[in-house]
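*Asks:* Just passing along the structure, written as structure tokens.
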Amino acid sequence: MRTRTLRFGLYADEQGLAWVEGLVADAVGSRSARITGESVLRTLPGSGMPTAEMYDHLAEQWDIEHPGESRGAREPVELQVDLACSLRTWREIRATVIRTLCPEGTAPHTCRVPWMAR
């Protein structure tokens, strides 16, 4: 097995971040994979770009989907989770997390935590 990384841009507070981390753990736990590391970044490695610049549209998404609600302590961050798994398993885990983050349906809906997969 090789180490592969899941990357999600999130607009979340600590509670929202913990919820997403739980979604990832649940998706990993049901497969032949293991979490080998986890990081919450506020600056992107290599470029030094603040996550606030990369994911600023997620704050706008929050404002549109949650009119009148306070942003509270939410901030744009990147969650990186390192997994020991095959490419096929990585893809399955990624797809499961994405489906769970904001389930699609025919009716308009809002995401609990605005997100972007990288």
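*Asks:* Search the stretch 39-85 for residues being aliphatic (A, V, I, L, M) and assigned to a helix (DSSP H, G or I), and hand back the single one that is farthest from Glu14 (Cα to Cα). Lay out the reasoning, then the answer.
*Replies:* At the first step, the residues of the stretch 39-85 found to be aliphatic (A, V, I, L, M) are 40-41, 44, 49, 52, 54, 58-59, 64, 73, 77, 79, 81, 83-84.
Those still in the list that are assigned to a helix (DSSP H, G or I) too: 52, 54, 58-59, 64.
Numbers: Ala52: 16, Met54: 19, Leu58: 16, Ala59: 15, Ile64: 21 Å.
The extreme case among them is Ile64.
*Asks:* Here's something else I'd like to know. Taking the stretch 48-81 on its own, how many of its residues are acidic (Asp, Glu) and within 13 Å of the chain's Cα centre (by Cα)? Lay out the reasoning, then the answer.
*Replies:* Kept after step one, since they are acidic (Asp, Glu), are these residues of the stretch 48-81: 53, 56, 60, 63, 65, 69, 75, 78.
Pick out the ones that are also within 13 Å of the chain's Cα centre (by Cα) and you get 75, 78.
Number satisfying all stated conditions: 2.
*Asks:* Would you mind stating whether Thr5 is of a type in the set (Ser, Thr, Tyr) and at pLDDT 95 or above? Steps first, please.
*Replies:* Values: of a type in the set (Ser, Thr, Tyr): yes; at pLDDT 95 or above: yes.
Yes, satisfied.
*Asks:* Applying the selection to the stretch 26-47, what residues are surrounded by fewer than 16 Cβ atoms within 10 Å (Cβ to Cβ), over 10 Å from Ala84 (Cα atoms) and basic (Lys, Arg)?
*Replies:* Arg42
*Asks:* Looking at Trp62 and the list (1) in contact (Cβ under 8 Å) with a residue 40 or more places away in the chain; (2) exposed (fewer than 15 other Cβ atoms within 10 Å of the Cβ); (3) of a type in the set (A, V, I, L, M, F, W, C); (4) under 16 Å from Trp115 (Cα atoms), which single condition is not satisfied?
*Replies:* Condition not satisfied by Trp62: (2).
*Asks:* Suppose the filter is surrounded by 15 or more Cβ atoms within 10 Å (Cβ to Cβ) and more than 23 Å from Thr100 (Cβ to Cβ); does Leu23 pass it? Explain how you work it out, then say what you get.
*Replies:* Working: surrounded by 15 or more Cβ atoms within 10 Å (Cβ to Cβ): yes; more than 23 Å from Thr100 (Cβ to Cβ): no.
In short, no.
*Asks:* Here's a follow-up. Test Thr110 against the criterion of being surrounded by 14 or more Cβ atoms within 10 Å (Cβ to Cβ), among the β-branched types (Val, Ile, Thr) and in contact (Cβ under 8 Å) with a residue 40 or more places away in the chain, and give yes or no. Working first, answer last.
*Replies:* Details: surrounded by 14 or more Cβ atoms within 10 Å (Cβ to Cβ): no; among the β-branched types (Val, Ile, Thr): yes; in contact (Cβ under 8 Å) with a residue 40 or more places away in the chain: yes.
No, not satisfied.
*Asks:* Restricting to the stretch 2-15, count the residues that are surrounded by 14 or more Cβ atoms within 10 Å (Cβ to Cβ) and more than 16 Å from Ala117 (Cβ to Cβ). Can you show your working first?
*Replies:* First, the residues of the stretch 2-15 that are surrounded by 14 or more Cβ atoms within 10 Å (Cβ to Cβ): 4, 6-13.
Cutting the leftovers down to more than 16 Å from Ala117 (Cβ to Cβ) gives us 13.
The qualifying residues number 1.
*Asks:* In the stretch 74-110, which residues are in contact with a strand residue (DSSP E or B) (Cβ under 9 Å, 6 or more places away or on another chain) and either closer than 23 Å to Pro50 by Cβ or at pLDDT below 90 (or both)?
*Replies:* Arg74, Glu75, Pro76, Val77, Glu78, Leu79, Gln80, Val81, Asp82, Leu101, Cys102 - these are the residues of the stretch 74-110 that are in contact with a strand residue (DSSP E or B) (Cβ under 9 Å, 6 or more places away or on another chain) and either closer than 23 Å to Pro50 by Cβ or at pLDDT below 90 (or both).
The values are calculated or read from the model by the stated rules, or taken from the named source; none is laboratory data. Please read all numbers here as calculations on a predicted model, not as lab measurements. In this analysis, Cβ positions are derived from the backbone assuming ideal geometry, glycine residues included, and neighbour counts consider all displayed protein chains.
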